[in-house]
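J.: Here it is: the structure, laid out below.
The values are calculated or read from the model by the stated rules, or taken from the named source; none is laboratory data. Just so you know, these numbers come straight off a predicted model, no measurement behind them. Backbone-built Cβ (ideal geometry, glycine too); neighbour counts: all protein chains shown.
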Amino acid sequence: MDRTLRAEVANLHARVCSGLADTNRILLLYVLAEHSHNVTELAALLELPQPTVSRHLKILRECGLVTSQRDGQSVNYALADRRVVEALDLLRAVLADRLAGQVSLARHATEQFSPVDATMEEELS
């Protein structure tokens with residue numbers, strides 16, 4: 001792959017990832033993975049103000065992560081590609097592994113260094 005094409009693909013990749021860089025947008029994607037909703041339904045489900053949901057949906061649509069379809073007076077939003085949620089699930093699994101490692105490290109540190117052993121307490125007295 002030539003350098004220009006590689007940079008263009010990386011730019012598109014970064015743009016899609018920027019759409020995932022917000023907690024509310026990730027939650028919206030998980031809700032939309034179940035089935036399509038309009039803005040009012042999404043706002044109620046996530047307990048967010050409707051303008052906030054609309055703003056996040058606009059970003060997700062611009063990144064190609066959701067689609068929109070007018071249905072009379074309302075617009076329904078749907079996940080553009082199921083693989084987006086599969087990618088989020090994969091990232092969540094990576095995070096879970098990292099957290100498990102940190103918990104293990106914290107547990108090891110606690111066992112090694114706490115409570116202050118009696119020798120050290122005597123020296124401090």
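J.: List every residue pair whose Cβ atoms lie under 7 Å apart, where the two residues are 6 or more positions apart in sequence or sit on different chains, the first residue falls within region 45-59 and is closer than 12 Å to ARG25 by Cα and without any contact (Cβ under 8 Å) to a residue 60 or more places away in the chain, and the second residue, located anywhere, is of a type in the set (Lys, Arg) and surrounded by 12 or more Cβ atoms within 10 Å (Cβ to Cβ).
T.: Cβ pairs passing all conditions: HIS56/ARG25; ILE59/ARG25.
J.: Answer with yes or no whether GLU111 is more than 20 Å from LEU42 (Cβ to Cβ), surrounded by 10 or more Cβ atoms within 10 Å (Cβ to Cβ) and either assigned by TED's automatic domain parsing to the domain that holds HIS13 or modelled with pLDDT under 90 (or both).
T.: Considered against the rule, which asks whether it is more than 20 Å from LEU42 (Cβ to Cβ), surrounded by 10 or more Cβ atoms within 10 Å (Cβ to Cβ) and either assigned by TED's automatic domain parsing to the domain that holds HIS13 or modelled with pLDDT under 90 (or both), GLU111 comes out as no.
J.: Further, regarding this structure: Just to be sure I understand, how many residues within region 55-105 are in a helix (DSSP H, G or I), touching a Leu at 6+ places or on another chain (Cβ under 9 Å) and surrounded by 13 or more Cβ atoms within 10 Å (Cβ to Cβ)?
T.: Summing the residues that are in a helix (DSSP H, G or I), touching a Leu at 6+ places or on another chain (Cβ under 9 Å) and surrounded by 13 or more Cβ atoms within 10 Å (Cβ to Cβ) in region 55-105 gives 8.
J.: Could you list, in sequence order, the residues of region 1-23 that are of a type in the set (A, V, I, L, M) and closer than 20 Å to GLU62 by Cα?
T.: ALA7, VAL9, ALA10, LEU12, ALA14, VAL16, LEU20, ALA21
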